[in-house]
Amino acid sequence: MFWHIFTNRLKVTLRSPEAVFWLLVFPFVLSGFFYLAFNNLDNELTFSPIPVAVVSSEAYQESPALKRSIEALSSGNNPTLIIMEITEQEAEDKLEGNEVSGIISVQDDQPTVTIKSNGFEETIIATSVDQTLQASNAIMEALNKDPTVAMRLDTIGQTSYIIDTTNQNVSRSSLYFYTLIGMACIYAGLLAITTVNLTQANLSKLGLRMSVAPASRAVSLVAGLMSGFVIAYAGGVALYLFMVYILGVEFGAAAWAILLVIAAGVLAGLSLGTLVAAISKRSENVKIGILVALTMVGSFLAGMMGTQVIKHAIDQSVPFLAAINPVDLVSDALLSVYYFGIGDRYYYDIVCLLAFSVVSIVISWFFLRKRSYASL
Amino acid sequence: MQVFKYYFKIARSSLPTAAIYLVVFLAVTLLFTLLTDPNPASFSSEKPLVSIVDNDQGVLARGLVEYMEEEAEIVSVENTEEAHKEALFFDSAAFIMTIPEGFSEQFFAGESPQLIVQTSSDTSARQADLLVQNYLRLAEVRQLAGMNQTETVDGIKQDIEARVDVQIQDDTKNFTETQKMLQFFNFEAYAVIALNILVIAAIMLSFKGSVRKRNQVGATSYDSVQRQIFAGGAVFSVIIWLFFLAMAIAFSPDIMFSGYGALYTLSSFGLSFVGLSLGYMIGALVKSNQAVSGITNVVALGMSFISGVFLPQEFLGESVLNFAKLLPVYWYVDANNTISGLATFDLASIAPIIMNIVILLGFGIGVFAVTFVTRRIFLKR
């Protein structure tokens, strides 16, 4: 009886346009949008040299210290500034047209920085010129103390005292794609809502017929959910493969860990759907509405809508909220695989997903078990 | 009028769902506006977020820490590998520096000890890097002249008094307030489009099946029925629009009762009209509620992502923005961005905003007309 219901639910689901849409169209289309939107993000978040206009007046040419320092900042492998030596008028036009972030000029023997409004790029320009002034001051005092310093000034700034141990090339846009996988997993709950409605005599005509059939409610429920799991899991894995091979999203090497996350996520999604369907007697549409709203809020809190700040704040100060948000658990586990490494954080997420599923199923069971009706 | 009245009877059954959506979207918009930083790290406040682990505690190291406290915003990050990585990934620190034991001593012994840093590689991280390099270069000069640690640190305190004269051309006042409201109204694009589609399409579904057949044999003409259904949707659309306006007013009455507020009101009206027509179109096309929620997600989320609702338009690629120009949300966000940057309210500066709102209304009318006509064609078959 189990296999009978299982295979037939499988067929019915695959023939329903809604299910196909949710599993095979929706996540793929949305990930295409994500790809468009975030394609450029990693570049935008990485520092690129700042265009600056330098007013090439006589006064500037006669300020060797300033000139040398600005040239030093705009040369090398990893320059801070890109300088354009142009006339004052050209510089002002370029600033107005946002082609440069600021203008460096020398007025009354004093260097001046002109910017449109405050910001990091502008601050960097100011800091660059500050450096020259401050260094001149230091050199003057050093020479006062020990005139022989003049002969050793060339060594200044030659030694690097900073060693950068950052793990380079981290794609920060990948988190958005992880939240999308989380969202897709939880949408498996829609299949659970249908399954529950079809097994409950008071919710649908088909449920009425099912309940007089010689199959126990538990068997038909489990068979329905299992078929939902198979379909949603296949959809989730296909989405993962699509992101890796077509969109080029970085996931890290451990495929087994990712497949496990998706399985746990789909399970949590089905459990959530079962719970929503079980505790409310309202129409299927209301239940779908609740699930969609929950998933959306979950995705929002997991950082999908440019809201990583909110995800981080929740992780730091309300970890409980993160622990009951299946979308976040899935995306956080995927982030662990990619960025933090498979460790405590990863297993914690998986355990939370499983616990979430168990608790939802247990609560649902109290609502769904042994119901009998005098009349329907 | 019968259809119009009946519309609200039918709507009653959809009200619980609509109410859930409304509450959720209002809450999410509020949260987004309150919690996200209006200026993403790379072009915002001028101080980088820096975390320092000082294992040395030497005079020079303490001087450096003091300098960074002045020039950067010091944040505390738990001193573990994972916490460091997390802080950098989520932008709660841009530059994490560990000063190793013996750094000051070795520096003054003429050796080259190494500060260990991890950065987010963004613009603010570069600023922090420049600051540290600057400090150490000043220390090098003084150390070269044979000064000891205390003399050096005291000397640098005077060096850093020297500052370049910075001229700022326009310093917009009220900056954070207008930016916050910009966040609010931009996010509203997602919320209002999604809400309109979910609510209006859900109600329109009830006019399908046997109801539609009965309507067809009724005395009211098809056009009239459609117009009344559209008008019924318009009522809901206006209600949603008013809810969001009320929240905006509660949020920042100062901005909302100014020229900025008036323009935001207009642009969000244009947006609501687009939402209404999209809701009408999707309601006409689809057959089930599941499909409505699916399409809502694709349409509302998809348009929002590539039109600069969640991430600023500056972060999107040129080609993406060109594509987004085919979508109404782009023009809405563009209008809002222009509004928030307004310094004066003369005709010349408002004209592009009005143009964008006209484009929004045009989109709405276009979508409605296309739906209306195609439905008629299908009906005749």
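The values are calculated or read from the model by the stated rules, or taken from the named source; none is laboratory data. What you see is a predicted model; the values in this text were computed from it and never measured. With ideal geometry, Cβ positions are generated from the backbone for all residues, glycine too; neighbour counts draw on all protein chains shown.
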> Among (1) under 21 Å from residue A:47 (Cβ atoms); (2) buried (at least 17 other Cβ atoms within 10 Å of the Cβ), which single condition is residue A:91 missing?
Replying inline: (1)
>> I need the full set of residues from region A:52-104 which are free of Cβ contacts under 8 Å to residues at least 24 places away in the same chain, under 34 Å from the mean Cα position of the chain (by Cα) and under 23 Å from residue B:168 (Cβ atoms), in order please.
In response: A:97, A:98
>> Every residue in region B:279-323 that is touching a Gly at 6+ places or on another chain (Cβ under 9 Å), without any contact (Cβ under 8 Å) to a residue 60 or more places away in the chain and crowded, with 24+ Cβ neighbours inside 10 Å, please.
In response: B:305, B:316
>> Looking for something under 29 Å from residue B:122 (Cβ atoms) and either at pLDDT below 90 or not in a helix (DSSP H, G or I) (or both) - is there at least one such residue anywhere in region B:288-298?
In response: no
> Here is a list of conditions, (1) outside any strand (DSSP E or B); (2) surrounded by 20 or more Cβ atoms within 10 Å (Cβ to Cβ); (3) more than 7 Å from chain A (Cβ to nearest Cβ), and residue B:154 meets all of them except one; can you say which number that is?
Replying inline: (2)
> Do you know which residues across region A:108-127 are surrounded by fewer than 17 Cβ atoms within 10 Å (Cβ to Cβ) and touching an Asp or Glu at 6+ places or on another chain (Cβ under 8 Å)?
Replying inline: A:110, A:112, A:117
> Residues in region A:205-224: is at least one assigned to a helix (DSSP H, G or I) and within 14 Å of another protein chain (Cβ to nearest Cβ)?
Replying inline: no
> So is residue A:240 free of Cβ contacts under 8 Å to residues at least 24 places away in the same chain and of a type in the set (Phe, Trp, Tyr) or not?
Replying inline: no
> Which of the following residues is of a type in the set (A, V, I, L, M), outside any helix (DSSP H, G or I) and either at the interface with chain B (Cβ under 9 Å from one of its Cβ atoms) or on the phi > 0 side of the Ramachandran plot (or both): A:129, A:106, A:113, A:100?
Replying inline: A:113
> Restricting attention to region B:134-148, and to residues there that are more than 7 Å from every other protein chain (Cβ to nearest Cβ) and not in a loop (DSSP other than H, G, I, E, B), which single residue is farthest from the chain's Cα centre (by Cα)?
Replying inline: B:143
>> Looking at B:258, B:252, B:267, B:272, can you tell me which residue is away from chain A (no Cβ under 14 Å), crowded, with 22+ Cβ neighbours inside 10 Å and over 24 Å from residue B:15 (Cα atoms)?
In response: B:267
>> Given the criterion among the aromatic types (Phe, Trp, Tyr) and either surrounded by fewer than 19 Cβ atoms within 10 Å (Cβ to Cβ) or in a loop (DSSP other than H, G, I, E, B) (or both), identify the matching residue among A:178, A:245.
In response: A:245
>> Quick check on region A:188-199. Is at least one of its residues part of a loop (DSSP other than H, G, I, E, B) and more than 19 Å from residue A:353 (Cα to Cα)?
In response: no
> Among the candidates B:218, B:232, which residue alone is surrounded by fewer than 21 Cβ atoms within 10 Å (Cβ to Cβ) and over 17 Å from residue B:285 (Cα atoms)?
Replying inline: B:218
>> Out of the residues in region A:132-143 meeting the condition of being without any contact (Cβ under 8 Å) to a residue 12 or more places away in the chain and surrounded by fewer than 23 Cβ atoms within 10 Å (Cβ to Cβ), tell me which one is farthest from the other protein chains (Cβ to nearest Cβ).
In response: A:140
> Name the residues in region A:296-339 that are among the polar types (S, T, N, Q), farther than 24 Å from residue B:306 by Cβ and in contact with a helix residue (DSSP H, G or I) (Cβ under 7 Å, 6 or more places away or on another chain), would you?
Replying inline: A:325, A:336
> Counting only residues that are within 34 Å of the chain's Cα centre (by Cα) and either within 7 Å of chain A (Cβ to nearest Cβ) or β-branched (Val, Ile, Thr) (or both), how many does region B:104-128 have?
Replying inline: 10
>> I'd like to verify a number: residues in region B:1-57 that are in contact with a Lys or Arg (Cβ under 9 Å, 6 or more places away or on another chain) and modelled with pLDDT of 85 or more, how many?
In response: 3
> Would it be correct to say that residue A:184 is part of a helix (DSSP H, G or I), modelled with pLDDT of 90 or more, under 13 Å from residue A:13 (Cβ atoms) and touching a helix residue (DSSP H, G or I) at 6+ places or on another chain (Cβ under 6 Å)?
Replying inline: no
